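Take a look at the structure below.
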Amino acid sequence: MRRWWRQCLGGGLLVLCQPGWAAPDWRFVVTPNALEEEVELAVKDWREPPKREDDLPSVSAGEPVPVDDEQLVREATYAVAQTLQAMGYYEPDISLVRRDGDWRLTVNAGEPVRVRQLGIELQGAAADDKWFR
């Protein structure tokens with residue numbers, strides 16, 4: 001299956017797309033709603049066609065972009081999970097499915113991890129330093 005951005009690349013630069021061509025539409029259902037912007041940013045590289053061949057998204061340096069829907073689902077859901085972990089959500093339910101050519105990303109972040117108690121003990125030279133107390 002050809003990737004949607006490959007249909008628009010010509011000579012390494014983005015040129016005019018084929019008549020009638022449009023990037024797949026993405027729909028988001030994110031709970032809690034306050035996380036929707038972060039989730040959308042996490043999958044931005046997979047939603048927008050690149051402007052130049054150099055701009056192709058990659059999960060890590062030197063790796064190719066996802067080439068099929070299955071890999072896109074793996075990489076995009078991983079990116080969403082990583083984004084949510086940075087905000088304290090470690091057990092999200094994430095679903096990314098393609099229907100009728102469009103993508104639907106459903107995220108239920110669950111409950112964030114909350115630190116109820118924190119204890120810090122200084123040892124060594126800092127333990128006796130008045131500026132650390």
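For this structure, a couple of remarks:
- Each peptide in 82-95, 106-119 gets a packing score, the mean of other Cβ atoms within 10 Å over its residues, and the list from highest to lowest is 82-95, 106-119.
- q = 0.19, 0.30, 0.36 Å⁻¹: log10 I(q)/I(0) that the Debye formula gives for the range 65-104, counting C-alpha atoms only: -0.59, -1.01, -1.17
Quick note: the coordinates plus some simple rules give every number you see, no bench work behind them. Computed from a predicted structure; not experimentally measured. In this analysis, Cβ positions are derived from the backbone assuming ideal geometry, glycine residues included, and neighbour counts consider all displayed protein chains.
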